[in-house]
């Protein structure tokens, strides 16, 4: 059977698209996993074990080797800046990271930016030579400009529906986001054959979808 691969899978939106991609690649991901509340799910048909994780924790699990590989959004990868290999752009869960504000936004004397991604936001404004105070929030980022906590936000945008409903507009796109396959550096050497085989299968599927 070879080496068991431990895979950190993000719960929620990305999981559904990732499972669909794996199935398209011919990997028998059991349907019952989709609605399971278990946190560790053996998938003997694939010689894998899924570790169901919050998306933001996937790179941490992979860096520390409790998972050999993982699937994670580029946004989380850039924010967490973990010491992992990025193997493949899976082309799923497409969205973008943007600067967002009210339509009548004007540069403030002491600009404040609210975000779930303080490292990404700080680096972006630093590279533009703009001094801003970055405020970390964990949810409902769109509230910040509406209640005066910050004059702008940096957040992910998929359809823009939430922004429109709250009277906000995109001002600038930082980068496009898709989900990536990442690997632990030691696992990539020790379990290279099964990881590379999975990579090749997924690459073929991603190429056919493009």
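Within the range 112-134, one or more residues are surrounded by fewer than 16 Cβ atoms within 10 Å (Cβ to Cβ), in contact (Cβ under 8 Å) with a residue 40 or more places away in the chain, under 30 Å from residue 199 (Cα atoms) and not assigned by TED's automatic domain parsing to the domain that holds residue 199. For the range 156-194, the set of residues classified as part of a loop (DSSP other than H, G, I, E, B), in contact (Cβ under 8 Å) with a residue 12 or more places away in the chain and loosely packed, with under 14 Cβ neighbours inside 10 Å consists of 158, 167, listed by residue number.
Evaluate the range 19-42: report whether one residue or more is free of Cβ contacts under 8 Å to residues at least 12 places away in the same chain, surrounded by 15 or more Cβ atoms within 10 Å (Cβ to Cβ) and within 19 Å of residue 68 (Cβ to Cβ). Yes, the range 19-42 contains at least one residue that is free of Cβ contacts under 8 Å to residues at least 12 places away in the same chain, surrounded by 15 or more Cβ atoms within 10 Å (Cβ to Cβ) and within 19 Å of residue 68 (Cβ to Cβ).
Run residue 69 past the list (1) crowded, with 18+ Cβ neighbours inside 10 Å; (2) modelled with pLDDT of 95 or more; (3) more than 15 Å from residue 191 (Cα to Cα) and report the number of the one that doesn't hold. The one condition residue 69 does not meet is (3).
Residues in the range 11-47 that are in contact with a strand residue (DSSP E or B) (Cβ under 6 Å, 6 or more places away or on another chain) and under 21 Å from residue 91 (Cβ atoms): 11, 14, 15, 18.
The values are calculated or read from the model by the stated rules, or taken from the named source; none is laboratory data. This structure is a prediction, so every number in the text was calculated from the model and none was measured. Positions of Cβ are generated from backbone atoms using ideal geometry, with glycine treated the same way; all protein chains shown enter the neighbour counts.
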